[in-house]
1. Contact list please: Cβ distance under 7 Å, first residue in the stretch 20-39 and part of a strand (DSSP E or B), second residue acidic (Asp, Glu), pairs at least six apart or on different chains.
2. For a quick check of your reading of the model, give me the residue pairs whose first member lies in the stretch 55-75 and is in the same structural domain as ALA20 (by TED's automatic domain parsing) and among the charged types (D, E, K, R), whose second is surrounded by 16 or more Cβ atoms within 10 Å (Cβ to Cβ) and part of a loop (DSSP other than H, G, I, E, B), with beta-carbon atoms closer than 7 Å and at least 6 apart or on different chains.
3. Quick check, is GLY223 in contact with a strand residue (DSSP E or B) (Cβ under 7 Å, 6 or more places away or on another chain) and more than 30 Å from ILE7 (Cβ to Cβ)?
4. Among the residues of the stretch 106-131, write down those that are buried (at least 19 other Cβ atoms within 10 Å of the Cβ) and outside any strand (DSSP E or B).
5. Go through the stretch 32-47 and count every residue that is closer than 26 Å to ILE175 by Cβ and either away from the ligand (no atom under 13 Å from the Cβ) or out of contact with any Ser or Thr (no Cβ under 9 Å at 6 or more places or on another chain) (or both).
6. Evaluate the following for LEU54: is it over 20 Å from LEU14 (Cα atoms) and either touching a helix residue (DSSP H, G or I) at 6+ places or on another chain (Cβ under 9 Å) or near the ligand (Cβ under 10 Å from one of its atoms) (or both)?
7. VAL48 is checked against (1) β-branched (Val, Ile, Thr); (2) at pLDDT 95 or above; (3) within 28 Å of ARG99 (Cβ to Cβ) and fails just one. What number does that condition carry?
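The values are calculated or read from the model by the stated rules, or taken from the named source; none is laboratory data. Quantities reported herein were computed from a predicted structural model and do not represent experimental measurements. Cβ sites come from the backbone with ideal geometry, for glycine too, and all protein chains shown count toward neighbours.
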Amino acid sequence: MSEKIQIGVVGLGLMGSSIATCILAAGHKVTSLTRHIEKESEVRKRIVNFLTQLQEEGILKEDPNTVLERLTITDDYSLFLNHEVVIESIIENVDDKKRVFQQLENVLSPNAIIGSNTSAIPVTILQSGLKHPERLLGIHWGEPAHILRFLEVICGEQSDIKYAEKIVALAEDWITFAGLFRFMDLTGIPAYLAVMKDLFPELDNSTKAPVFIEELVASGAKGVSNAQGFYPYTKESAEKWEKLFIEFTYDIRKLSEKYPKNIGDL
Ligand SMILES: NC(=O)c1ccc[n+]([C@@H]2O[C@H](COP(=O)([O-])OP(=O)(O)OC[C@H]3O[C@@H](n4cnc5c(N)ncnc54)[C@H](O)[C@@H]3O)[C@@H](O)[C@H]2O)c1
């Protein structure tokens, strides 16, 4: 279980509310900034409803009203003083997001992390003009954030990887057993290199596969099948991962059969 801290969220719309719920349910304190402080009780009601659903589903063990005591709602940036992490989730507009970052930089210490839940604005663009661009990351949830086990941590050109590592460590309890690199280990790295070489010229600005994957495949790494991959393996741990992957895939197959494509006319 990761250390519990106080995390800021800016914007309390669709995503800001579910992100705040997700962080509260993980045991942290949350300070949420809204421009519409008059709607505080409405937002609290929305968040307590989300928490109650989580409790009914057996995901949240605490009483929702006790969890809600960890939430502060404000319209005052100075309350973010001493926060180690603040996540912006306002409308998808570069200028508006940058104005939020400027206000955050006025109160945060230089090594506090600023995350943006942007859907598609490149992090490098959001970093330009900041006093400390190295601490800005994309921290991107899927909706509904409190239910999904999905989080993307994205570095821009100026991001310092140590901040991304800190967020990944904080988010670890959310993480399902395999992320992208483990998945490549499980299903065979050389095939991904071949696909990247075919598709990148058309789908990406770069026309080449990443050098580190070229080097990994050239060294003979195939993934769990030969116990050499992005992650370190022994023969035994590679077999364990392979078994877990098959069990997981059967479970997902059974679950997806519960939700057929055709649900009949409504
Ligand atoms: N909706 C999704 O499924 C989804 C998924 C992933 C990421 N996102 C991203 O999350 C962000 C928020 O999206 P959303 O769907 O919650 O939008 P939304 O319109 O529901 O919420 C945006 C909120 O930001 C508030 N806001 C606007 N400017 C502000 C400011 N300067 N300071 C404080 N609050 C401000 C608005 O009042 C509103 O409550 C966007 O960047 C969006 O691209 C959305």
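1. As it stands, the answer is LEU33/ASP75, since those pairs meet every condition given.
2. ASP75/THR34
3. Answer is no for this residue.
4. Selection gives LEU108, ALA112, ASN117, THR118, VAL123, LEU126, GLN127.
5. Total satisfying the criteria: 1.
6. no
7. Every condition holds for VAL48 apart from (3).
Rundown of residues vs (1) out of contact with any Gly (no Cβ under 8 Å at 6 or more places or on another chain); (2) at positive phi; (3) modelled with pLDDT of 95 or more; (4) within 16 Å of the ligand (Cβ to nearest atom), yes/no style:
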site	(1), (2), (3), (4)
PHE80	no, no, yes, yes
GLU84	yes, no, yes, no
GLU88	no, no, yes, yes
LYS98	no, no, yes, yes
GLN102	yes, no, yes, yes
LEU108	yes, no, yes, yes
ASN111	yes, no, yes, no
ALA120	yes, no, no, yes
VAL123	no, no, yes, yes
